[in-house]
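See below for the structure under consideration.
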Amino acid sequence: MKTIYLDNNATTAIAPEVREAMLPYLGELYGNPSSMYSFGGQVAEAVDTARGQLAELLGASPEEIIFTSCGSESDNSAIWTAVRTQPEKRHMITTRVEHPAILNGMQHLENQGYRVTYLGVDNKGRLDLDEYAAALDEDTALVSIMFANNEVGNYYPIQRMAEMAKERGILFHTDAVQAVGKLPINMGSMPVDMLSLSGHKLHTPKGIGALYVRKGVRFRPLLRGGHQERSRRAGTENVPYIVGLGVAAQMAATHMQQESAAMARLRDRLEHGITNSIPDTIVNGDPENRLPNTTNISFKNVEGEAILIMLDRMGICASSGSACTSGSLEPSHVLRAMGVPFNYAHGSIRLSLSRYTTEEEVDFVIQHFPQIIATLRKISPFKD
Ligand code: PLP
């Protein structure tokens, strides 16, 4: 059975070009980039090249890039630096729809006596700029707002929100794990102080990420030790993965415009194909400001996990909008924050495409979805 992979917001396939570029550094080029001899030097050069490639994608300078192990580490580093460089400030601003990599860090700070403002969203998952403006105050150490949401795909007015923070001299971080490579980002024109990204959403292997830190922003490392990454992140560099991330960034920079347009066309075909043939569905999210690869659809009176199991039997990989909390399936924090009605939220499915998704795959899914939902609705314990 062929796998139809529509869960690219969870992770992506490694691009053959990325794997190819990594191979020498998993073989003969195993030197330590910090060594003085030329065997290490050529590896250090590869790290520099990758840093340049990633900086280019972001419109940043190479010195502003710190390689990390993942998006979660980048997010934690941003929070840590804000706290450690401004111990007198005790207020943080974030949203109710962040990834746990931010939310759990914020909850930890709350337990330590910090005040945290969690901005709400409307039924399309949109933030309210007036609520945001009112939350900014003298005591705010950090604003951390995701660039794009992993579940429903909304992207937020980061340019404007960062400007508003800067007018008050407040540090601004964005978790751009889902946005990098799908949306154009130019740090040259966006007053964001720190930005997190993750390689495995961008066709590298899992276990590599980066944190952009604007020149001049005070920084405190989360990992202390050796002087790697200009003493901002200790640990011998993960050279093969860094090389892979550089190539992935270069590919994104070259092809993003055309790939994003192609993904959006297929995503729309998929979304319309499903919603036009199945009654009682809701598309979750902001149709005007949404990642080109993501759709999140709720089906009334069906259990999302049951849909996933039936899709899996056909080789289709997707993800549901539920999280297992204390043994029972609860709609995710994002769908709850949006106020999606309970009998819909339970039956939510996220389908996320990549540059490798084909029209044939999309049409296969469109063809089989109505039968799956009809079968499940027949046996559903939920009724109107
Ligand atoms: N932030 C967002 C928005 C994500 O979607 C993810 C992963 O799903 C992360 C952070 C965490 O990234 P990583 O898996 O590289 O730690």
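The values are calculated or read from the model by the stated rules, or taken from the named source; none is laboratory data. Computed from a predicted structure; not experimentally measured. Counting neighbours? That spans all protein chains shown, and the Cβs are built from the backbone with ideal geometry, glycine included.
Miscellaneous remarks
- Restricting region 141-196 to residues that are among the basic types (Lys, Arg) and more than 16 Å from the ligand (Cβ to nearest atom), the residue that is farthest from ASP268 (Cα to Cα): ARG168
- Some residue of region 214-222 being hydrophobic (A, V, I, L, M, F, W, C), away from the ligand (no atom under 12 Å from the Cβ) and in a strand (DSSP E or B): no
- Filter result (aliphatic (A, V, I, L, M), modelled with pLDDT of 95 or more and either touching a strand residue (DSSP E or B) at 6+ places or on another chain (Cβ under 8 Å) or in a loop (DSSP other than H, G, I, E, B) (or both)) within region 1-35: ILE4, LEU6, ALA10, ALA13, ILE14, ALA15, LEU29
- Residues in region 105-140 that are more than 16 Å from the ligand (Cβ to nearest atom), farther than 25 Å from PHE219 by Cβ and in a loop (DSSP other than H, G, I, E, B): GLY120, ASP122, ASN123, LYS124, ARG126, ASP128.
- Residue tally, condition part of a loop (DSSP other than H, G, I, E, B) and within 12 Å of the ligand (Cβ to nearest atom), over region 90-104: 3
- Matching residues, region 36-89, being of a type outside the set (Lys, Arg), outside any helix (DSSP H, G or I) and surrounded by fewer than 21 Cβ atoms within 10 Å (Cβ to Cβ): MET36, TYR37, GLY59, SER61, SER69, CYS70, GLN86, PRO87, GLU88
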